[in-house]
Amino acid sequence: MEEPEDPNDLGVAIKRLRGPRTQASLAEAAGLKPSSWSDYERGKGKPRPPQKRRIAEALGCTVRELELEELSVAGERLAAEEQQDGVREAVDTSDSLIENTDKELEEIDQTLDTLLARKKRLLVFRRMLAALPPGTPVPSGL
């Protein structure tokens, strides 16, 4: 069985981020040949890390932002493939979504309560330290 061709998610991401700008102008800004830029967009080649960094800079973004766009493209592609294959995940009901949301909100509340208690302890400790004369030695471990 033949292995599937590697999808061109990075190339699509580069093309999206390029927008209306020309390949030639961005290739020049990245210090690449226009044919290399075109190859990357068409998936005919994969840029190595130094070229990827220069491509991102020419696009006006970070390598991380370029990679996030690539992941977004991959997600869209996979969703389209699943839909095309007739494979769909079970849809959550509004009740289960509300329940999940409530659980997350409760976790956030607990975390915030913990942080607020910690902040209050630190403020009391700071007031105690501020009341000491300057240069007063404080035992380690406090």
>> Please go through (1) more than 16 Å from residue 16 (Cβ to Cβ); (2) among the aliphatic types (A, V, I, L, M); (3) modelled with pLDDT of 95 or more for residue 58 and return the number of the only condition it doesn't satisfy.
In response: (1)
> Residue check: is residue 26 more than 15 Å from residue 8 (Cα to Cα) and touching a Lys or Arg at 6+ places or on another chain (Cβ under 7 Å)?
Replying inline: yes
> Any chance the stretch 12-19 includes a residue that's outside any helix (DSSP H, G or I) and modelled with pLDDT of 90 or more?
Replying inline: yes
> Which number in (1) surrounded by fewer than 18 Cβ atoms within 10 Å (Cβ to Cβ); (2) touching a residue at least 40 places away in the same chain (Cβ under 8 Å) marks the one condition that residue 82 misses?
Replying inline: (2)
>> Looking at 64, 42, 77, 53 in this structure, which one is in contact (Cβ under 8 Å) with a residue 60 or more places away in the chain, touching a helix residue (DSSP H, G or I) at 6+ places or on another chain (Cβ under 9 Å) and surrounded by fewer than 16 Cβ atoms within 10 Å (Cβ to Cβ)?
In response: 77
> Pick from 122, 105, 78: which is part of a helix (DSSP H, G or I) and either touching a Gly at 6+ places or on another chain (Cβ under 8 Å) or at pLDDT below 90 (or both)?
Replying inline: 78
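The values are calculated or read from the model by the stated rules, or taken from the named source; none is laboratory data. Here the structure is a predicted model, which is why all the values come from computation and not from measurement. Neighbour counts are summed over all protein chains in view; Cβ atoms, including those assigned to glycine, are modelled from backbone coordinates with ideal geometry.
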